[in-house]
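> Attaching a single structure in structure tokens format; questions to follow.
The values are calculated or read from the model by the stated rules, or taken from the named source; none is laboratory data. As the structure is a prediction and not an experimental result, all values here were calculated from the model. Neighbour counts run over all protein chains shown; Cβ positions are idealised from the backbone, glycine included.
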Amino acid sequence: MAGVTLKNVVKRFGSVQVIHGASLEVEDGEFVVFVGPSGCGKSTLLRIVAGLEDASEGEIEIDGMLVNDVEPADRGIAMVFQSYALYPHMTVEQNLSFGLRMNGNPREDTNRRVQKAAEILRINELMKRRPKQLSGGQRQRVAIGRAIVREPEVFLFDEPLSNLDAELRVQMRVEIARLHSELGTTMIYVTHDQTEAMTLADKIVVLRDGKIEQVGKPLDLYDDPANQFVAGFMGSPKMNFMEASVKSASNGSATVKLVNQGGAMITLPVSDGPAVGDRVTVGVRPEHFRAAGQGDCDIDLNIDVAEHLGSTSYIYANTKSGEQLIVEREESRSEVGLEKLTASIPAQQAFLFDAQGKRLN
Amino acid sequence: MKPQSEMRSKSSREMIRTIGLHAVLVPLAIVWLFPLWMMMVFSTLPENAIFSAQIQWLPGTHFWANFEQLQADTGFLRTLFVSIMVALVYTVLSVFLTSMAGWALARYHFLGKGMVLAIILGTLTLPYFVVVIPQFIMVARDFGLANTWFALIVPPLFNSLGVLFMRQSFSMMPGELFDAARVEGVKEWKIFLFVAMPMARPTIAALCIILFLASWNNYLWPLLINNQPDMMTAPVALGSLIGLTRVSWGGIMTGAVLLTVPMLVVFVLLQRHFVAGIAAGAIK
Amino acid sequence: MRARNRIAYGFLAPYLLIFAVFWIWPIIYSFYLSFLSTRAVPWTWAPHMNWGRLWIDPAFWNALRNTLVILFIQVPVMIALATLLAVLLNSQLLKARGIMRFAFFAPVVVGEVAYAAVFRLMFNADFGVINKILTGVGLPAVSWFSNPTAAMALIIMAVTWRWVGYNAIIILAGLQSIPDDVYEAATLDKVSKTKQFFFITLPLLRPIILVCVVLSVIGTMQLFAEPFLITNRGGPGGATETLGLFLYRQGFTVLNFGYASAVAYTIAGLAIIISLINFWLGRDPK
């Protein structure tokens with residue numbers, strides 16, 4: 001069992017810098033998820049922890065030991081790859097035991113570990129098959145099994161579910177959560193899917209363009225995002241962003257005009273006072289809109305598409321000047337076919353960001 | 001929907017096209033098969049039948065007698081043995097050398113990689129004649145190794161097409177497979193031997209066939225470097241008979257058949273690999 | 001991928017050693033040799049001797065002329081035939097596809113000596129099956145080995161028989177990499193089969209045909225075994241002597257290595273120039 005520490009890790013490929021000084025503490029036994037859009041450097045960061053890439057600068061510690069110059073195999077890690085990386089010419093059993101066999105591990109011990117992994121993942125009947133004869137979900141199990149067999153201190157997952165269809169993805173997500181609670185081992189998990197991050201993580205690390213934007217518990221990131229990027233990335237459907245300009249600012253609050261809502265005004269509490277005339281962005285999550293008159297600022301919307309899901313409905317709507325918004329409402333059968341809607345923004349649940357995306361309240 | 005008459009005309013057009021196609025291809029195919037057929041026929045005829053005034057279209061029964069004549073002229077069995085041994089050892093060695101080099105060029109970053117690749121590619125199309133003279137001087141005079149197994153097997157190992165062929169095969173494999181093995185602590189040479197090589201089996205099969213065939217049919221270099229009867233290859237021994245005046249042509253034809261038919265059988269059985277190997281040689 | 005110099009060179013070392021000793025070093029050494037007088041031991045530095053002799057040696061010019069004649073007749077004929085064969089063999093309408101492919105591809109595995117022997121016997125002036133067929137249909141017999149033009153034609157036919165299938169295999173692979181839907185779209189646009197060939201197939205095949213041409217040029221520049229064996233050392237009277245055969249004589253009969261090296265570099269230079277001209281002619285139109 002071990003924690004992982006990154007100190008100012010920088011990675012350059014030639015002259016291109018892809019990781020800009022990442023520092024991070026992963027506690028022993030914690031499930032940490034690296035999340036961000038594609039190309040944000042999350043997989044590179046994971047491969048640096050694995051030792052498959054060298055850090056250009058900075059330090060990587062596993063279990064308190066500096067491992068920059070330690071070979072991947074000696075870091076006490078095991079990795080599950082996006083493509084599963086199963087050896088196509090070996091049976092499931094041979095795939096599971098390959099690493100141990102190649103390193104001269106005693107046969108009984110190898111068999112014991114393979115057996116145990118097979119039981120944990122319920123793949124006993126598949127042992128004699130080749131990867132080609134397995135379904136996507138079964139391949140995924142074998143790939144995880146190969147990691148379990150190593151009895152690692154730290155599990156690394158590189159987008160392990162991205163090749164599965166939606167239903168299997170949910171199923172395997174539950175499996176991985178169960179695995180973590182059974183084994184209690186430190187796990188670092190990379191994904192671009194914020195739902196996976198929210199459901200699996202003890203701690204989420206949001207990355208963008210090679211920088212760590214925010215680290216925190218899932219609901220903390222949701223409720224209290226540090227900036228507009230994190231606010232927009234976490235949550236599905238996404239947070240609505242509305243252009244606005246500051247009309248007046250006083251101690252602890254600011255009144256802004258929603259540019260595309262026909263001049264509707266709203267007063268929000270702020271900690272960091274913007275100046276009058278500043279361009280800002282108001283953020284409201286779809287589920288925070290209230291019925292007309294029940295919030296602090298009513299806006300009129302033309303409904304584009306309404307998705308009725310039975311218990312909730314998502315309204316995709318336009319303002320007069322064409323800004324797109326998503327409103328989540330409790331389902332009401334009488335609203336089917338509605339063309340217009342007035343929604344209201346509650347000031348206490350709205351976010352305010354400056355032009356650089358920095359949070360102001 | 002088209003009228004029925006036009007639909008019928010479509011199938012009749014196809015019929016005309018089919019007939020035209022075969023009217024061109026069948027005669028050509030017969031012309032192309034003719035020399036091979038005549039080789040078989042000649043090898044089974046006695047000398048006076050080969051040089052008779054009549055055309056002999058069908059095989060006779062003299063194959064064994066002709067072969068005995070060939071064996072008496074050249075000791076052909078010994079030269080066949082030399083050819084088989086050389087082709088086998090050459091193929092195995094060359095597959096390993098080119099696979100290892102192709103693996104390094106496909107899957108590692110290292111200092112001087114660009115230069116190594118540039119030299120291999122840059123000298124690929126240089127005619128063999130540019131090197132054959134120094135090779136001969138070096139092997140025959142400087143090393144004193146004419147008429148040895150070494151002389152037949154080692155110099156032709158420089159072949160760089162195999163390197164590029166294997167390199168392409170290895171670079172098309174997903175890198176995560178090798179990373180997975182690395183994370184498991186598998187040594188690089190074991191990854192090469194137990195992961196990469198088994199996965200490259202189809203490519204290796206194609207390469208083996210091409211290499212074996214090249215060695216089996218190699219003529220110029222063995223002609224130059226090995227001229228002692230007990231170290232001659234079969235093509236060289238057979239070639240040495242062709243210019244002579246008093247010689248058994250039936251015997252020469254049995255030799256030609258023995259050199260050709262095994263390769264034809266291999267070709268028929270492994271046509272897919274053959275075609276892959278030849279096509280890959282041209283597509284760089 | 002991490003940088004791993006030691007491991008990479010470990011894998012490369014055996015091959016690089018062979019490659020350096022038997023390929024790179026000879027390339028350099030034969031260039032050096034071409035500036036030596038090697039007619040008597042010890043060899044002496046004589047930078048103008050071999051290269052100067054090339055210009056005035058009628059035997060060299062004869063071999064060069066013969067090689068170029070073969071090149072300019074045989075290569076275009078063979079490539080055109082190979083393209084035709086590839087297209088026909090790729091046809092959906094073809095019956096007995098396996099036998100057809102075997103007929104044209106089989107010569108690829110036949111060794112130079114074996115086919116040279118058969119051709120020599122078949123084209124024998126007095127007893128050869130070819131002349132028997134010619135006279136049988138009322139044509140005059142041809143003196144294949146004593147008439148210079150006929151001997152040249154024989155070499156061209158033999159080389160074409162041996163190599164057309166090889167090129168057809170390459171072009172066929174190129175054909176099969178053209179997606180079907182391109183043709184389906186053209187058919188829906190009412191483009192005839194013939195027009196499809198000239199306006200879709202040929203342009204898409206151009207790079208691969210170019211490769212075939214260049215490979216054939218390099219091969220023809222080195223033509224050796226056919227005139228050596230079929231027309232009996234370039235006969236009649238040097239009428240089929242090629243550069244390859246001339247080099248063989250100078251290098252390994254007379255043992256004048258310096259002069260042979262100059263010939264070798266001339267062959268290489270010509271092959272490169274002709275290949276570059278081909279690439280220039282066949283370049284992608286802007």
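> Which one of C:Val69, C:Val110, C:Val77 is surrounded by 20 or more Cβ atoms within 10 Å (Cβ to Cβ) and in the same structural domain as C:Leu270 (by TED's automatic domain parsing)? Give the derivation first.
Details: C:Val69 fails: surrounded by 20 or more Cβ atoms within 10 Å (Cβ to Cβ); C:Val77 fails: surrounded by 20 or more Cβ atoms within 10 Å (Cβ to Cβ).
Going through C:Val69, C:Val110, C:Val77 in turn, just one is surrounded by 20 or more Cβ atoms within 10 Å (Cβ to Cβ) and in the same structural domain as C:Leu270 (by TED's automatic domain parsing): C:Val110.
> Please count how many residues of the range C:187-245 are within 8 Å of chain B (Cβ to nearest Cβ) and β-branched (Val, Ile, Thr).
Qualifying residue count, the range C:187-245: 4.
> I would also like to ask the following. Considering only residues that are at the interface with another protein chain (Cβ under 8 Å from one of its Cβ atoms) and more than 19 Å from C:Thr220 (Cβ to Cβ), which ones fall in the range C:246-259?
Of everything in the range C:246-259, those that are at the interface with another protein chain (Cβ under 8 Å from one of its Cβ atoms) and more than 19 Å from C:Thr220 (Cβ to Cβ) turn out to be C:Gly251, C:Phe252, C:Phe257.
> Which of the helices (runs of 4 or more DSSP H) found entirely inside the range C:1-96 contain at least 2 residues meeting this: closer than 30 Å to B:Leu177 by Cα? I'd like the intermediate steps shown before the answer.
Working: elements: C:5-19, C:25-33, C:49-56, C:58-89.
Answer list for the range C:1-96: C:5-19.
Table: residues versus (1) in a strand (DSSP E or B); (2) in contact with a helix residue (DSSP H, G or I) (Cβ under 8 Å, 6 or more places away or on another chain); (3) of a type in the set (A, V, I, L, M).
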| position | (1), (2), (3) |
| --- | --- |
| A:Asp304 | yes, no, no |
| A:Glu307 | yes, no, no |
| A:Gly310 | no, no, no |
| A:Tyr316 | yes, no, no |
| A:Gly322 | no, no, no |
| A:Glu328 | yes, yes, no |
| A:Gly337 | no, no, no |
| A:Thr342 | yes, no, no |
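> Another question, then. If the requirement is being crowded, with 18+ Cβ neighbours inside 10 Å and at pLDDT 85 or above, which of these qualifies: A:Leu309, A:Leu258? Break it down stepwise before answering.
Details: A:Leu309 fails: crowded, with 18+ Cβ neighbours inside 10 Å.
Exactly one residue qualifies, and that residue is A:Leu258.
> May I pose another question? If you go through the range A:229-241 one residue at a time, how many are crowded, with 17+ Cβ neighbours inside 10 Å and either in contact with a His (Cβ under 8 Å, 6 or more places away or on another chain) or at pLDDT below 90 (or both)?
The number of residues fulfilling the criteria is 1.
> Mind listing whichever residues of the range A:76-91 are farther than 17 Å from B:Ala196 by Cβ and either touching a Gly at 6+ places or on another chain (Cβ under 8 Å) or surrounded by fewer than 22 Cβ atoms within 10 Å (Cβ to Cβ) (or both)? Full working, then the answer.
So in the range A:76-91, the residues farther than 17 Å from B:Ala196 by Cβ come out as A:76-80, A:82, A:84, A:91.
Once the filter is applied, which keeps residues that are farther than 17 Å from B:Ala196 by Cβ and either touching a Gly at 6+ places or on another chain (Cβ under 8 Å) or surrounded by fewer than 22 Cβ atoms within 10 Å (Cβ to Cβ) (or both), the range A:76-91 yields A:Gly76, A:Ile77, A:Gln82, A:Thr91.
> Residues being buried (at least 18 other Cβ atoms within 10 Å of the Cβ) and on the phi > 0 side of the Ramachandran plot: count how many of those fall in the range B:138-170.
Counting residues in the range B:138-170 that are buried (at least 18 other Cβ atoms within 10 Å of the Cβ) and on the phi > 0 side of the Ramachandran plot gives 0.
> Working carefully through the options A:Ile176, A:Ile204, A:Ile144, find the one that is in a strand (DSSP E or B), hydrophobic (A, V, I, L, M, F, W, C) and on the phi < 0 side of the Ramachandran plot. I'd like the intermediate steps shown before the answer.
Working: A:Ile176 fails: in a strand (DSSP E or B); A:Ile144 fails: in a strand (DSSP E or B).
Only one candidate qualifies: A:Ile204.
> Report, by residue number, each residue of the range C:82-99 that is within 11 Å of chain B (Cβ to nearest Cβ) and either under 12 Å from C:Val159 (Cβ atoms) or hydroxyl-bearing (Ser, Thr, Tyr) (or both).
Of everything in the range C:82-99, just one residue is within 11 Å of chain B (Cβ to nearest Cβ) and either under 12 Å from C:Val159 (Cβ atoms) or hydroxyl-bearing (Ser, Thr, Tyr) (or both), namely C:Ser91.
Yes/no matrix, rows are residues, columns are (1) within 30 Å of B:Thr79 (Cα to Cα); (2) modelled with pLDDT under 90; (3) among the polar types (S, T, N, Q):
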position	(1), (2), (3)
B:Met115	no, no, no
B:Gly122	no, yes, no
B:Val154	yes, no, no
B:Ala180	no, no, no
B:Ala200	no, no, no
B:Asn226	yes, yes, yes
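> Across the range B:215-232, what is the total count of residues that are within 16 Å of the chain's Cα centre (by Cα) and at the interface with chain C (Cβ under 10 Å from one of its Cβ atoms)?
So in the range B:215-232, the residues within 16 Å of the chain's Cα centre (by Cα) come out as B:215-222.
Those still in the list that are at the interface with chain C (Cβ under 10 Å from one of its Cβ atoms) too: B:216-220.
Residues flagged as within 16 Å of the chain's Cα centre (by Cα) and at the interface with chain C (Cβ under 10 Å from one of its Cβ atoms) within the range B:215-232 amount to 5.
> If only one of C:Ala173, C:Ala125, C:Ala141, C:Ala117 is at the interface with chain B (Cβ under 8 Å from one of its Cβ atoms), surrounded by fewer than 20 Cβ atoms within 10 Å (Cβ to Cβ) and modelled with pLDDT under 95, which one is it? Can you show your working first?
On the way: C:Ala125 fails: at the interface with chain B (Cβ under 8 Å from one of its Cβ atoms); C:Ala141 fails: at the interface with chain B (Cβ under 8 Å from one of its Cβ atoms); C:Ala117 fails: surrounded by fewer than 20 Cβ atoms within 10 Å (Cβ to Cβ).
When all the criteria are applied, what remains is C:Ala173.
> Which of the following residues is free of Cβ contacts under 8 Å to residues at least 24 places away in the same chain, of a type in the set (Asp, Glu), out of contact with any Gly (no Cβ under 8 Å at 6 or more places or on another chain) and more than 10 Å from every other protein chain (Cβ to nearest Cβ): A:Glu119, A:Glu59?
Values: A:Glu59 fails: free of Cβ contacts under 8 Å to residues at least 24 places away in the same chain.
Of the residues listed, the single one that is free of Cβ contacts under 8 Å to residues at least 24 places away in the same chain, of a type in the set (Asp, Glu), out of contact with any Gly (no Cβ under 8 Å at 6 or more places or on another chain) and more than 10 Å from every other protein chain (Cβ to nearest Cβ) is A:Glu119.
> Considering only the range B:173-184, I want to know if a residue exists there that is over 21 Å from A:Arg139 (Cα atoms) and either within 25 Å of the chain's Cα centre (by Cα) or within 14 Å of chain A (Cβ to nearest Cβ) (or both).
no
> Just for the range B:101-124: of the residues that are closer than 18 Å to C:Phe22 by Cα and touching a residue at least 24 places away in the same chain (Cβ under 8 Å), which one is nearest to the chain's Cα centre (by Cα)? Spell out how you get there, then give the answer.
Here is the first cut: in the range B:101-124, the residues closer than 18 Å to C:Phe22 by Cα are B:101, B:116-124.
Remaining after also requiring touching a residue at least 24 places away in the same chain (Cβ under 8 Å): B:101, B:120-121, B:123-124.
Numbers: B:Ala101: 21, B:Ile120: 21, B:Leu121: 21, B:Thr123: 21, B:Leu124: 18 Å.
The qualifying residue nearest to the chain's Cα centre (by Cα) is B:Leu124.
> Moving to a separate point now. If a residue has to be of a type outside the set (Asp, Glu) and either in contact with a Lys or Arg (Cβ under 6 Å, 6 or more places away or on another chain) or within 22 Å of A:Glu53 (Cβ to Cβ) (or both) to count, how many in the range B:165-181 make the cut?
Of the residues in the range B:165-181, the ones of a type outside the set (Asp, Glu) are B:165-175, B:177-178, B:180-181.
If we keep only those that are either in contact with a Lys or Arg (Cβ under 6 Å, 6 or more places away or on another chain) or within 22 Å of A:Glu53 (Cβ to Cβ) (or both) too, we end up with B:170-175, B:177-178, B:180-181.
Here the count works out to 10.
> When the range C:22-46 is examined, which residues are found to be among the aromatic types (Phe, Trp, Tyr) and within 10 Å of chain B (Cβ to nearest Cβ)? Write out each step before concluding.
Filtering the range C:22-46 down to residues among the aromatic types (Phe, Trp, Tyr) leaves C:22-23, C:25, C:29, C:31-32, C:35, C:43, C:45.
Answer for the range C:22-46, where residues must be among the aromatic types (Phe, Trp, Tyr) and within 10 Å of chain B (Cβ to nearest Cβ): C:Phe22, C:Trp23, C:Trp25, C:Tyr29, C:Phe31, C:Tyr32.
> Taking the range A:92-109, which residues are of a type outside the set (A, V, I, L, M), crowded, with 18+ Cβ neighbours inside 10 Å and either within 30 Å of A:Val9 (Cα to Cα) or more than 11 Å from every other protein chain (Cβ to nearest Cβ) (or both)? Show your work before the answer.
At the first step, the residues of the range A:92-109 found to be of a type outside the set (A, V, I, L, M) are A:93-95, A:97-99, A:101, A:103-109.
If we keep only those that are crowded, with 18+ Cβ neighbours inside 10 Å as well, we get A:93, A:95, A:97-99.
A:Glu93, A:Gly99 - these are the residues of the range A:92-109 that are of a type outside the set (A, V, I, L, M), crowded, with 18+ Cβ neighbours inside 10 Å and either within 30 Å of A:Val9 (Cα to Cα) or more than 11 Å from every other protein chain (Cβ to nearest Cβ) (or both).
> Oh, and also: Is the range B:4-13 home to any residue that is over 30 Å from C:Leu85 (Cα atoms), modelled with pLDDT under 95 and not acidic (Asp, Glu)? Quick ask: steps written out before the conclusion?
First pass over the range B:4-13, keeping only residues over 30 Å from C:Leu85 (Cα atoms): B:4-6.
Next, from what is left, pick out any that are modelled with pLDDT under 95: B:4-6.
Subset that is not acidic (Asp, Glu): B:4-5.
Yes, the range B:4-13 has at least one match.
> Looking at B:Gly277, B:Gly281, B:Gly251, B:Gly255, which one is under 28 Å from C:Ile169 (Cα atoms), in contact with a Phe, Trp or Tyr (Cβ under 9 Å, 6 or more places away or on another chain) and modelled with pLDDT of 90 or more?
Working: B:Gly277 fails: modelled with pLDDT of 90 or more; B:Gly281 fails: modelled with pLDDT of 90 or more; B:Gly251 fails: under 28 Å from C:Ile169 (Cα atoms).
Selected residue: B:Gly255, the only one of B:Gly277, B:Gly281, B:Gly251, B:Gly255 that is under 28 Å from C:Ile169 (Cα atoms), in contact with a Phe, Trp or Tyr (Cβ under 9 Å, 6 or more places away or on another chain) and modelled with pLDDT of 90 or more.
> Is it the case, given these coordinates, that A:Gly41 is in contact (Cβ under 8 Å) with a residue 60 or more places away in the chain, surrounded by 17 or more Cβ atoms within 10 Å (Cβ to Cβ) and in contact with a helix residue (DSSP H, G or I) (Cβ under 6 Å, 6 or more places away or on another chain)? Break it down into steps so the answer makes sense when it comes.
Details: in contact (Cβ under 8 Å) with a residue 60 or more places away in the chain: yes; surrounded by 17 or more Cβ atoms within 10 Å (Cβ to Cβ): yes; in contact with a helix residue (DSSP H, G or I) (Cβ under 6 Å, 6 or more places away or on another chain): no.
In short, no.
> May I ask you to list the residues in the range C:243-260 that are under 16 Å from C:Leu33 (Cα atoms) and assigned to a helix (DSSP H, G or I)?
Here is the first cut: in the range C:243-260, the ones under 16 Å from C:Leu33 (Cα atoms) are C:247-248, C:250-252, C:254-260.
Answer for the range C:243-260, where residues must be under 16 Å from C:Leu33 (Cα atoms) and assigned to a helix (DSSP H, G or I): C:Leu247, C:Tyr248, C:Gln250, C:Gly251, C:Phe252, C:Phe257, C:Gly258, C:Tyr259, C:Ala260.
> Then there is this: Considering only residues that are outside any loop (DSSP other than H, G, I, E, B) and facing chain A (nearest Cβ under 9 Å), which ones fall in the range B:185-209?
Looking only at the range B:185-209, we keep the residues that are outside any loop (DSSP other than H, G, I, E, B), and these are B:188-199, B:201-209.
The answer is B:Lys190, B:Ile191, B:Phe194, B:Val195, B:Pro198, B:Met199, B:Arg201.
> Separate question: Just to be sure I understand, how many residues within the range B:240-263 are facing chain C (nearest Cβ under 9 Å), free of Cβ contacts under 8 Å to residues at least 40 places away in the same chain and hydrophobic (A, V, I, L, M, F, W, C)?
Of the residues in that region, 1 qualify.
> Checking C:Leu94 against (1) modelled with pLDDT under 90; (2) in contact with a helix residue (DSSP H, G or I) (Cβ under 8 Å, 6 or more places away or on another chain); (3) not assigned by TED's automatic domain parsing to the domain that holds C:Pro207, only one condition comes out false. Which one?
(3)
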